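S.K.: Sending over a structure as structure tokens; questions will come in a sec.
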Amino acid sequence: MPASSDFFGQRSAQAVLKHGVLTRYAHYFAGRAGSATQGRVAFIDGYAGEGRYQDGSPGSPLLLASQAIRVQMFGRDVKLAFVERDADRRQELRQSLAEAEIEPDQLLGGDFDEVVDGLLDRYTLHAVLVFVDPFGLAVDRSTLERVLRRRSPTQPIDVLYHFSLSTVARMGRAGVVEGATTRYNAARLDAALGPIGWRDDFERATAPNAPTEAALVVARRFGESVRRATGLQSTLVSVRQRPGQLPEYLLMLFSANQKAHWDFADQASKAYVDWLYHCDREDYDANVRLREEHGLIELFASAEPNKEDIDYQLCRDAAAYLPDHLIEVLRDRGSLRPVDAVEDVYGEMMGRARVMHVRAAIKHLHHAGLTDDDGTREFWNGCGSAGGTDQAACGMTPSA
Ligand SMILES: C[S@@+](CC[C@H](N)C(=O)[O-])C[C@H]1O[C@@H](n2cnc3c(N)ncnc32)[C@H](O)[C@@H]1O
């Protein structure tokens, strides 16, 4: 991750994935949740940044604004609220918005923590999507829970939350190793994560990649603990700088709507294709520049990256992995409603494979006589077979 002062220079590959997820989910949220509030929707970008990167790429405020315009087509009226604590960045943001002719409902300074309640008061009777995208540690656990608990039938609230694995890994180790900052780091983590017993994980994490792996375990426990406290489940998507690297952070969706989690996984996987393409494109362009600089001629020029090839390879990977994986999940569980177990359904392909790949795998299993479900219709409710529409009674089962 670049130092925070360089952050708005060139948009990083991981920001491409983050923005791909945010854009898709915001659009979807306005459609789904906005139907319960007569079209009234609010997007709160709690850590808004400058609005645009110096390379011209839009940041989260402009992306949310473009979705707000798009969803007007189907009767949604979206209020935009941006919070940016840093005065210089807030000024940049004001200018980026003005240049794009976007008038936010609110553009606030101060700490997100301190202004979020006022914003939620302002948007009662709206469906509210809150984006929490800080540098490093996000809001305290108590603030997150306070926001989630405010949801009601007339004010559905979803939170898309950046969980920084690299920060939690660094602070987690520093919080258990004796040193000048031990207490400070431990206290910050206690406040951010709540009472989830993170210390043992980091005491054991002495190998080079172990702190990030411990942070992943802690993130899952955090999600589970928030679910127990608020009733809202979370779905995690990993964000990496480059394929093959450890994830830098997670995007966690907190939503009371079960189908939203299922659809979020599909949206994240579409954003994954954008990200792979971006990485391939950067590598390809760097290669071309290098050859030009050195006057090299390639006998067999490498093909330009394209999304069709990436998609084709993903389909092959999913077809090789998902059928066997799903049979194992079915055997373990006995019966499965995919929408109840999003991360189990995708397994190692979470955030990469899409609903169409799961459907194809279930059809494949059905043809082979290995499951009752035929993968048609709303198979995610476990109702894919020609039979029932009674969702409570539905569930995919292995064939006898
Ligand atoms: C990672 S950047 C945001 C990037 C932006 N969401 C995007 O995707 O384009 C985090 C921003 O949050 C701001 N910030 C940090 N702490 C904050 C706080 N407590 N309240 C509001 N803004 C904060 C920083 O100044 C920085 O501009």
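S.K.: Could you tell me how many of the residues in the range 108-122 are over 14 Å from residue 41 (Cα atoms) and in contact (Cβ under 8 Å) with a residue 40 or more places away in the chain?
M.R.: Counting residues in the range 108-122 that are over 14 Å from residue 41 (Cα atoms) and in contact (Cβ under 8 Å) with a residue 40 or more places away in the chain gives 2.
S.K.: In addition: Check 167, 206 and return the single one that is among the hydroxyl-bearing types (Ser, Thr, Tyr) and either within 16 Å of the ligand (Cβ to nearest atom) or at positive phi (or both).
M.R.: 167
S.K.: Also, quick follow-up: Give 115, 130 a once-over and let me know the one that is at pLDDT 95 or above and assigned to a helix (DSSP H, G or I).
M.R.: Matching residue, one of 115, 130: 115.
S.K.: Given the conditions (1) outside any strand (DSSP E or B); (2) more than 9 Å from the ligand (Cβ to nearest atom), which single one is not true for residue 89?
M.R.: (2)
S.K.: For the range 139-248, which helices (runs of 4 or more DSSP H) that fit wholly inside it have 3 or more residues that are in the same structural domain as residue 30 (by TED's automatic domain parsing) and open to solvent by less than 30 Å² (accessible area, probe 1.4 Å)?
M.R.: Because the criterion is at least 3 residues that are in the same structural domain as residue 30 (by TED's automatic domain parsing) and open to solvent by less than 30 Å² (accessible area, probe 1.4 Å), the helices (runs of 4 or more DSSP H) in the range 139-248 that meet it are 141-149, 165-174, 182-193, 210-230.
S.K.: For the condition of a type in the set (Val, Ile, Thr) and either touching a helix residue (DSSP H, G or I) at 6+ places or on another chain (Cβ under 7 Å) or modelled with pLDDT of 95 or more (or both), what is the one hit in 288, 237?
M.R.: Among 288, 237, only 237 is of a type in the set (Val, Ile, Thr) and either touching a helix residue (DSSP H, G or I) at 6+ places or on another chain (Cβ under 7 Å) or modelled with pLDDT of 95 or more (or both).
S.K.: Considering each of 323, 305 in turn, give the residue that is surrounded by 13 or more Cβ atoms within 10 Å (Cβ to Cβ) and in a loop (DSSP other than H, G, I, E, B).
M.R.: 305
S.K.: Tally the residues that are without any contact (Cβ under 8 Å) to a residue 40 or more places away in the chain, within 19 Å of residue 159 (Cβ to Cβ) and surrounded by fewer than 21 Cβ atoms within 10 Å (Cβ to Cβ), restricting the search to the range 78-107.
M.R.: Of the residues in that region, 2 qualify.
S.K.: May I ask you to say which residue of 60, 96 is more than 19 Å from residue 160 (Cα to Cα) and either assigned by TED's automatic domain parsing to the domain that holds residue 161 or modelled with pLDDT under 95 (or both)?
M.R.: 96 is the lone residue from the list that is more than 19 Å from residue 160 (Cα to Cα) and either assigned by TED's automatic domain parsing to the domain that holds residue 161 or modelled with pLDDT under 95 (or both).
S.K.: If I ask for residues that are open to solvent by 10 Å² or more (accessible area, probe 1.4 Å), near the ligand (Cβ under 10 Å from one of its atoms) and at pLDDT 95 or above, which ones from the range 1-49 would you list?
M.R.: Listed by number, the list holds a single entry, 47.
S.K.: Answer yes if at least one residue in the range 40-60 is touching a residue at least 12 places away in the same chain (Cβ under 8 Å) and of a type in the set (Val, Ile, Thr), and no otherwise.
M.R.: yes
S.K.: A further question follows. Being within 13 Å of the ligand (Cβ to nearest atom), acidic (Asp, Glu) and open to solvent by 50 Å² or more (accessible area, probe 1.4 Å) is the filter here, so list the residues in the range 114-138 that pass it.
M.R.: Within the range 114-138, 114 is the sole residue that qualifies.
S.K.: Is it fair to say residue 125 is touching a residue at least 60 places away in the same chain (Cβ under 8 Å), of a type outside the set (Ser, Thr, Tyr) and in a loop (DSSP other than H, G, I, E, B)?
M.R.: Criteria met by residue 125.
S.K.: If you don't mind, another one. What about residue 154, is it away from the ligand (no atom under 16 Å from the Cβ), within 21 Å of residue 255 (Cα to Cα) and polar (S, T, N, Q)?
M.R.: Answer is yes for this residue.
The values are calculated or read from the model by the stated rules, or taken from the named source; none is laboratory data. Everything quoted here is computed from the prediction, not taken from an experiment. So basically every Cβ, Gly included, is an ideal-geometry build from the backbone, and we count neighbours across all protein chains shown. All accessible areas refer to the heavy atoms of the entire protein, side chains included, with ligands and DNA or RNA removed. Shrake-Rupley method; radii C 1.70, N 1.55, O 1.52, S 1.80 Å.
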